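What follows is a single structure, written as structure tokens, with notes after it.
The values are calculated or read from the model by the stated rules, or taken from the named source; none is laboratory data. Keep in mind that what you see is a predicted model, and the values were worked out from it rather than measured. Here Cβ is always computed from backbone atoms with ideal geometry, including for glycine, and neighbour counts include all displayed protein chains.
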Amino acid sequence: MKVSTKWLKDYLDYDCSLGELARKLTMAGLEVEEIKEIEGDTIFDVKVTPNRGDWLSIVGVAREAAPLVGSRLKMPSPQVDGSGPAAADLIDISIDDPDLCGRYVGVMIRNVEIKESPEWMKERLTAAGMRPINNIVDITNYVMLELGQPLHAFDYSLLRGSRIIVRRAKPGESIVSLDDVERKLEPDMLVIADIERPVAIAGVMGGSDSEISSQTKDILLESANFTSTSIRRTSKRLGMVTESSYRFERGVDPSITAIAAMRAAELMRDLAGGEVARGLVDVRPRPVEPWIVETRPARVNAVLGTDLDAGVMADYLNGWEIETSISDGKLISKVPTFRQDITREIDIVEEVGRGYGYENLACTLPRTQQQGKDSPEGLFRERVRRILMSCGGQEVLTHSMVDSKLAELAGRSELVLNVRNPLSEDLDSMRVALIPGLLLVLQRNQAYGTVNANIFEIGKIYFSKADGGMGEKLSVAGAMAGSLWKSNWSLSADALKVDFFLCKGVVESLLDSLGISSVRFVETSDPLLHPTRAAKILVGETEIGFMGEVSPDVHEKLDLRERACVYELDFCALMKSTPDVLRYNPLPRYPALYRHIAVVVSDEVKYESVAGVIKRSGEGMIEDVDLLDVYRGEQIGAGKSSLTISMVFRSPDKTLKDEEVNSVLDKVKEALGAEVGASFR
């Protein structure tokens with residue numbers, strides 16, 4: 001915002017240099033970004049923070065500067081004595097949607113003369129970056145810059161029915177705005193209407209059907225207070241950012257509405273020869289009064305690191321027109337309506353800090369009796385991250401907002417949470433899984449020639465619940481493609497070519513490193529995964545995730561160059577399944593004996609079933625079971641497989657003899673024959 005220092009002096013007396021004034025404002029939070037000289041006037045270009053809509057006016061800046069320079073604000077006090085008929089006899093105003101408009105003031109000015117504004121007004125408007133148009137329009141802009149209250153002037157003769165209705169737009173309504181563009185209105189947009197049609201987009205821009213022209217004689221002056229979220233939503237949807245909407249979005253003081261209207265009426269009387277009707281029409285369905293905030297002086301000093309007396313704190317606050325007294329050792333602040341950013345104790349602490357001067361605060365370390373530490377969730381997250389990195393994984397971060405088409409691709413459309421006002425069409429929903437984003441990372445890297453990749457991410461996913469609510473949870477996911485080994489003279493890249501079993505090995509390494517036992521991989525189906533190379537991951541009977549090769553359909557749609565495998569685990573379930581303390585097993589004292597057997601079973605029998613039978617029937621002597629080879633051929637018949645299995649026998653109490661091992665092995669073979677129909681080669 002541009003602030004004319006000449007104009008500022010109308011409301012504030014100060015003796016310091018303009019450079020010193022700029023420094024004081026900046027240190028108080030109202031940053032002066034640039035100082036310019038324009039035709040004998042010094043202009044401050046100030047940066048207004050989104051929470052301080054009261055700074056978007058000359059009076060607001062003067063109010064902020066007053067205690068900094070030891071002065072007081074000189075608030076404009078319009079003097080208007082109406083004549084002729086009462087405003088209420090000329091215009092009827094009603095508010096149909098008080099949730100979007102808390103106050104609407106209308107003032108009637110008759111017999112105005114439309115002409116150029118005086119030079120002093122045009123100079124001030126130009127210095128503020130606005131183009132002079134005519135005296136009536138310029139006065140509404142002038143008062144907006146002066147007091148921060150947007151105004152609008154209607155040609156009274158063009159209003160049908162002498163009535164103003166503040167309401168939501170009706171389906172199918174449109175309006176041609178002052179920039180001669182037809183705007184399609186949506187039902188939740190607030191409009192100002194007469195008895196037949198909208199005549200203005202509330203808080204954004206007026207309509208061309210009722211604009212001021214050289215033939216205008218009678219004016220209805222609007223001064224209103226609209227809900228900031230409503231104006232922000234309308235402004236964004238219509239792609240219209242105006243001086244008016246910019247102020248309403250940040251909050252306009254509801255107590256200034258009538259004052260601003262009378263100030264503009266005063267200027268229209270003086271500069272346009274208008275006759276101001278008696279009184280005004282003030283519709284106020286939601287009055288806003290000052291509110292009370294209590295503050296503990298000890299808390300102020302603790303946060304700021306100061307040792308200020310409560311009386312000094314009250315002086316700082318009173319200097320900014322925050323009426324403050326001390327009662328029972330507390331600061332009792334009556335917050336004025338123009339300070340909509342002050343609602344809690346910490347907000348008062350900030351005001352005291354600004355009054356004291358941020359530059360005067362000592363640089364000290366935070367006072368604490370204990371060292372900070374990460375949460376259990378954060379510590380576990382770091383643990384998982386290190387394990388996956390030790391498996392050759394590289395961590396990536398993908399966007400939480402994604403294209404909703406990714407959920408369709410993953411077969412999870414029913415879980416999608418759509419973004420109400422997306423930044424773009426390809427960021428219109430929240431991700432329901434991490435895997436689609438990781439596959440896009442693989443796709444992008446493959447397009448640039450990097451076909452070998454092993455990536456993972458730990459992040460939140462978002463989903464719609466069955467009861468219509470929204471949920472979110474942490475997830476651990478990975479994706480890999482190509483080879484995880486760089487080819488050299490002793491080992492080819494195919495040795496670690498990505499497939500289902502390599503991906504399963506990474507998941508097993510993660511679970512084993514966390515100390516999670518009783519893990520099973522059970523065949524499953526998932527739209528993301530290959531129909532025969534997919535598994536859900538169980539710990540006991542609890543499902544904690546899934547893994548597998550990407551389905552051919554997804555592979556084709558994403559145009560992946562290499563076969564990709566993925567996994568995704570529920571972070572909370574993973575954390576819950578991890579034991580608090582890992583149990584230590586001492587090194588074995590006695591030697592092991594090894595046996596290999598070739599087990600012939602039907603192709604329908606899973607290796608997991610075979611290994612389970614071996615362990616159960618091993619009488620506690622079988623320490624480990626491994627699959628060495630799978631053979632299928634004419635020698636064993638169609639529909640059968642020969643599994644070469646290695647077994648490690650060991651006793652914790654003694655050295656085993658061959659006779660003992662052979663006896664157990666015979667029992668294992670007998671159990672395999674009985675339970676899975678096995679024969680032996």
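Scan region 1-56 residue by residue and report those that are among the hydrophobic types (A, V, I, L, M, F, W, C), part of a strand (DSSP E or B) and closer than 21 Å to P150 by Cα.
Taking region 1-56 first, the residues among the hydrophobic types (A, V, I, L, M, F, W, C) are 1, 3, 7-8, 12, 16, 18, 21-22, 25, 27-28, 30, 32, 35, 38, 43-44, 46, 48, 55-56.
Next cut, part of a strand (DSSP E or B) only: 3, 32, 35, 38, 43-44, 46.
Once the filter is applied, which keeps residues that are among the hydrophobic types (A, V, I, L, M, F, W, C), part of a strand (DSSP E or B) and closer than 21 Å to P150 by Cα, region 1-56 yields V3, V46.
Hey, among the residues in region 635-653 that are part of a strand (DSSP E or B) and β-branched (V, I, T), which one's farthest from Y590 (Cα to Cα)? If you could, list the steps in order and put the result at the bottom.
Narrowing region 635-653 to residues part of a strand (DSSP E or B): 640-649.
Subset that is β-branched (V, I, T): 644-645, 648.
Values: T644: 26, I645: 23, V648: 12 Å.
Per the criteria, the residue is T644.
For the list (1) at pLDDT below 95; (2) touching a strand residue (DSSP E or B) at 6+ places or on another chain (Cβ under 8 Å); (3) surrounded by fewer than 17 Cβ atoms within 10 Å (Cβ to Cβ), I need the number of the one condition that V80 fails.
(3)
Where in region 521-634 are there helices (runs of 4 or more DSSP H), lying fully within it, with 2 or more residues that are over 21 Å from G677 (Cα atoms), in the same structural domain as G449 (by TED's automatic domain parsing) and β-branched (V, I, T)? Walk me through it before giving the result.
Values: elements: 552-557, 571-577, 607-616.
Filter on region 521-634 gives an empty set.
So which residues in region 631-647 are loosely packed, with under 15 Cβ neighbours inside 10 Å and either under 14 Å from A611 (Cα atoms) or among the aromatic types (F, W, Y) (or both)?
Hits for region 631-647 are Y631, S646.
Out of region 57-73, which residues are within 17 Å of E146 (Cβ to Cβ), among the polar types (S, T, N, Q) and free of Cβ contacts under 8 Å to residues at least 60 places away in the same chain? Spell out the reasoning first.
Restricting attention to region 57-73, the residues satisfying the condition of being within 17 Å of E146 (Cβ to Cβ) are 57-66, 73.
Retained after the next criterion (residues that are among the polar types (S, T, N, Q)): 57.
Correct list: empty.
With farther than 30 Å from E64 by Cβ and within 39 Å of the chain's Cα centre (by Cα) as the only criterion, which of A193, A153 stands out?
A193
Is it the case, given these coordinates, that N421 is farther than 30 Å from S525 by Cβ, modelled with pLDDT of 85 or more and either not β-branched (V, I, T) or not assigned by TED's automatic domain parsing to the domain that holds M480 (or both)?
Values: farther than 30 Å from S525 by Cβ: yes; modelled with pLDDT of 85 or more: no; either not β-branched (V, I, T) or not assigned by TED's automatic domain parsing to the domain that holds M480 (or both): yes.
So N421 does not fit the description; no.
Mind checking which residues of region 323-349 are outside any strand (DSSP E or B), touching a helix residue (DSSP H, G or I) at 6+ places or on another chain (Cβ under 9 Å) and either among the β-branched types (V, I, T) or surrounded by 15 or more Cβ atoms within 10 Å (Cβ to Cβ) (or both)? Steps first, answer last, please.
Narrowing region 323-349 to residues outside any strand (DSSP E or B): 328-329, 336-349.
Among the residues that remain, those that are also touching a helix residue (DSSP H, G or I) at 6+ places or on another chain (Cβ under 9 Å) are: 329, 336-342, 345-346, 348-349.
Answer for region 323-349, where residues must be outside any strand (DSSP E or B), touching a helix residue (DSSP H, G or I) at 6+ places or on another chain (Cβ under 9 Å) and either among the β-branched types (V, I, T) or surrounded by 15 or more Cβ atoms within 10 Å (Cβ to Cβ) (or both): P336, T337, F338, R339, Q340, D341, I342, E345, I346, I348, V349.
Here's the yes/no breakdown for (1) closer than 30 Å to I346 by Cα; (2) outside any loop (DSSP other than H, G, I, E, B); (3) of a type outside the set (A, V, I, L, M, F, W, C):
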| site | (1), (2), (3) |
| --- | --- |
| S235 | no, yes, yes |
| R247 | yes, yes, yes |
| S255 | yes, yes, yes |
| A265 | no, yes, no |
| R269 | no, yes, yes |
| R286 | yes, no, yes |
| A302 | yes, yes, no |
| L308 | yes, no, no |
| E321 | yes, no, yes |
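So which residues in region 162-215 are in contact (Cβ under 8 Å) with a residue 60 or more places away in the chain and under 16 Å from S94 (Cβ atoms), if there are any at all?
Across region 162-215, the qualifying residues are S162, R163, I164, I165, V166, R167, R168, L190, A202.
Let me confirm something: among V441, V384, which residue is of a type in the set (V, I, T), assigned by TED's automatic domain parsing to the domain that holds L558, part of a helix (DSSP H, G or I) and within 25 Å of the chain's Cα centre (by Cα)?
Numbers: V384 fails: within 25 Å of the chain's Cα centre (by Cα).
None of the other options fit; the residue is V441.
I'd like the full set of residues that are in contact (Cβ under 8 Å) with a residue 12 or more places away in the chain, under 17 Å from E623 (Cα atoms) and loosely packed, with under 15 Cβ neighbours inside 10 Å, limited to region 649-681.
P652, D653, K654, T655, D658, K667
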